[in-house]
Each structure stands twice: as structure tokens, then as C-alpha cells.
Amino acid sequence: MTAGEKTADIYRDILRRLFNNAGGGQLTLERIKGESGEVALKVGTAEEPFGLINVGDAKGLCDHVEEVAAANGIPLSVEDSDFTEAMFGGIRESTSPVNLLIGSKTLASH
């Protein structure tokens, strides 16, 4: 921490840079419809996802996460996205909002 920086400023900067939302908020898993096996991760009211999960059974993963969260009182939401297109192919682009990639063996083939 350099002189003059406040902890709250650093925290907001992390939220803005990593999570694409300086205000923070609840985690949302947004299952991208179709056969892409992708789940976008968003925080709060962010329009852009900060993360992407690429897994064989996205619906099964989302159902499981939602069940575990509900059983343990963890505030998060799981939604289906009718409008978001598959994102994995574009994560290397400089314009990609994705800062975190989580994947399974499916990543090895890309």
C-alpha cells in the first residue's frame, strides 16, 4: 500500500478490475443455453461476466451449486441466459471481460 491509499479504495479497485463491478454484490451463475457447457460468473448488477466455467454438464453443475448454496444459506443466484452466446472462443481477445477461467478436461482440447 502506498502513501495516501486507503484500504477501501484498494478493495473497490479489486472489485472493479477483477469482478467488473466496483459495487460488489451477490454472485450469479448464468448458464449459457445450448451445448457450449459454459457458465458465466457475474457479481452484483455487472453487465459483463468476470469469469467463465467451461464444463461438460453446465446444467448439472448449476443445479448442484444452487442446491448446496440453498442448503447452506449462501446467497447466490443461478439463471439461464437466453441471450448470451458461447464465450470460450473469445476469451483470449483483448476485449474479453473474462478475468477468471475455470474448466475441466474439456480445456485441454482447445
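So, in region 45-78, exactly how many residues are touching a helix residue (DSSP H, G or I) at 6+ places or on another chain (Cβ under 9 Å) and either within 24 Å of residue 22 (Cβ to Cβ) or among the aliphatic types (A, V, I, L, M) (or both)?
Summing the residues that are touching a helix residue (DSSP H, G or I) at 6+ places or on another chain (Cβ under 9 Å) and either within 24 Å of residue 22 (Cβ to Cβ) or among the aliphatic types (A, V, I, L, M) (or both) in region 45-78 gives 11.
Given (1) under 18 Å from residue 89 (Cβ atoms); (2) within 13 Å of the chain's Cα centre (by Cα); (3) charged (D, E, K, R), where does residue 42 come up short, assuming only one miss?
(1)
Of 54, 99, which residue is touching a residue at least 40 places away in the same chain (Cβ under 8 Å) and within 23 Å of residue 13 (Cα to Cα)?
99 is the lone residue from the list that is touching a residue at least 40 places away in the same chain (Cβ under 8 Å) and within 23 Å of residue 13 (Cα to Cα).
In region 26-33, is there at least one residue being more than 19 Å from residue 103 (Cβ to Cβ) and surrounded by fewer than 16 Cβ atoms within 10 Å (Cβ to Cβ)?
Within region 26-33, one or more residues are more than 19 Å from residue 103 (Cβ to Cβ) and surrounded by fewer than 16 Cβ atoms within 10 Å (Cβ to Cβ).
So that you can scan it fast, the table gives a plain yes or no per residue for (1) within 15 Å of residue 86 (Cβ to Cβ); (2) part of a loop (DSSP other than H, G, I, E, B); (3) of a type in the set (Lys, Arg); (4) out of contact with any Cys (no Cβ under 9 Å at 6 or more places or on another chain):
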residue	(1), (2), (3), (4)
17	no, no, yes, yes
21	no, yes, no, yes
25	no, yes, no, yes
35	yes, yes, no, yes
42	no, no, yes, yes
45	no, yes, no, yes
52	yes, no, no, yes
56	yes, yes, no, yes
66	no, no, no, yes
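Which of the residues spanning region 90-105 are surrounded by fewer than 13 Cβ atoms within 10 Å (Cβ to Cβ) and at pLDDT below 85?
105 - this is the single residue of region 90-105 that is surrounded by fewer than 13 Cβ atoms within 10 Å (Cβ to Cβ) and at pLDDT below 85.
Picking from 79, 85, which residue would you name as being touching a strand residue (DSSP E or B) at 6+ places or on another chain (Cβ under 8 Å), surrounded by fewer than 19 Cβ atoms within 10 Å (Cβ to Cβ) and in a loop (DSSP other than H, G, I, E, B)?
85
So residue 62 ticks every box in (1) surrounded by 19 or more Cβ atoms within 10 Å (Cβ to Cβ); (2) not in a helix (DSSP H, G or I); (3) not aromatic (Phe, Trp, Tyr) but one. Which box is left unticked?
The single condition residue 62 does not satisfy is (2).
The values are calculated or read from the model by the stated rules, or taken from the named source; none is laboratory data. This structure is a prediction, so every number in the text was calculated from the model and none was measured. Quick reminder, even Gly has a Cβ in these numbers, built from the backbone with ideal geometry, and neighbours come from all protein chains shown.
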